[in-house]
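Chemist: Let me begin by handing over the structure; questions about it come next.
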Amino acid sequence: VSYREGAVGEPVASLVGAPFYEPFPILTMQPEEMVAEKLRTLAQRRRATDLADLAVLLAHDVVDSTVAEYAKVKFELVKQGRANRIERIEGTVLELADSYDDQIPLLFPSAPTYREAVAIVVPRIRSLVP
């Protein structure tokens, strides 16, 4: 779930391991909480994998209002404060333009391209971040 802090919502079991191992269950965050966590990471660091993960998560059915509730708790851990969190996330997304398409296909071959990720993520940021 997280090695730094406990999950905010009730963890859910997910199967992992295939195709390398016989599938086995682990506890994970709910998808909406994962989205909130990825938004927080984009406010704190610049890793193309965070944008790719967020785009993939948002391509599935997640409830924006639930994400925003989780994000309230997640962003309490951000030292830079509340005032510019949306601007920091949007700035990080823009800064990843030069590196995303070089890095992500090697690490996450099924992830969307930078252009596709931006089209998925950017329109929803303001509804997801409190």
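Chemist: Check whether at least one residue in the stretch 48-70 is among the acidic types (D, E), over 25 Å from E10 (Cβ atoms) and part of a helix (DSSP H, G or I), and report yes or no. It would help to see each step written out before you state the result.
Modeler: Initially, the stretch 48-70 is screened for residues among the acidic types (D, E), giving 50, 53, 61, 64, 69.
Right, trim to over 25 Å from E10 (Cβ atoms) and you get none.
Scanning the stretch 48-70 turns up no residue that is among the acidic types (D, E), over 25 Å from E10 (Cβ atoms) and part of a helix (DSSP H, G or I).
Chemist: Here's a follow-up. Only one of R115, R85 is at pLDDT below 95 and under 17 Å from the mean Cα position of the chain (by Cα). Can you tell me which?
Modeler: R85
Chemist: All but one of (1) over 13 Å from V35 (Cβ atoms); (2) touching a helix residue (DSSP H, G or I) at 6+ places or on another chain (Cβ under 9 Å); (3) modelled with pLDDT of 95 or more; (4) of a type in the set (D, E, K, R) hold for R124; which doesn't?
Modeler: Every condition holds for R124 apart from (1).
Chemist: Would the stretch 88-108 turn up any residue that is without any contact (Cβ under 8 Å) to a residue 12 or more places away in the chain, in a loop (DSSP other than H, G, I, E, B) and surrounded by fewer than 15 Cβ atoms within 10 Å (Cβ to Cβ)?
Modeler: No; the residues of the stretch 88-108 include none that is without any contact (Cβ under 8 Å) to a residue 12 or more places away in the chain, in a loop (DSSP other than H, G, I, E, B) and surrounded by fewer than 15 Cβ atoms within 10 Å (Cβ to Cβ).
Chemist: Here's a follow-up. So V118 ticks every box in (1) under 23 Å from G9 (Cβ atoms); (2) part of a helix (DSSP H, G or I); (3) open to solvent by less than 50 Å² (accessible area, probe 1.4 Å) but one. Which box is left unticked?
Modeler: With respect to (1) under 23 Å from G9 (Cβ atoms); (2) part of a helix (DSSP H, G or I); (3) open to solvent by less than 50 Å² (accessible area, probe 1.4 Å), V118 is out only on (1).
Chemist: So the check is Cβ under 8 Å with 6+ separation or different chains; which pairs have a first residue in the stretch 59-75 that's more than 20 Å from G6 (Cβ to Cβ) and open to solvent by 50 Å² or more (accessible area, probe 1.4 Å) and a second one that's acidic (D, E) and outside any loop (DSSP other than H, G, I, E, B)?
Modeler: V63/E32
Chemist: If I filter the stretch 12-32 for residues that are in contact with a Gly (Cβ under 9 Å, 6 or more places away or on another chain) and part of a helix (DSSP H, G or I), do I get at least one hit?
Modeler: yes
Chemist: Same structure, new question: State yes or no: is M29 without any contact (Cβ under 8 Å) to a residue 24 or more places away in the chain and under 14 Å from the mean Cα position of the chain (by Cα)?
Modeler: no
Chemist: If you go through the stretch 1-58, how many residues are open to solvent by less than 50 Å² (accessible area, probe 1.4 Å) and among the basic types (K, R)?
Modeler: Going through the stretch 1-58 one residue at a time, the tally reaches 2.
The values are calculated or read from the model by the stated rules, or taken from the named source; none is laboratory data. What you see is a predicted model, and the numbers here were worked out from it, not measured in a lab. A quick note on method: Cβ atoms are made from the backbone with ideal geometry, for glycine too, and the neighbour counts reach across all protein chains shown. Surface areas here come from the heavy atoms of the whole protein model, side chains and all, with no ligands, DNA or RNA. Shrake-Rupley method; radii C 1.70, N 1.55, O 1.52, S 1.80 Å.
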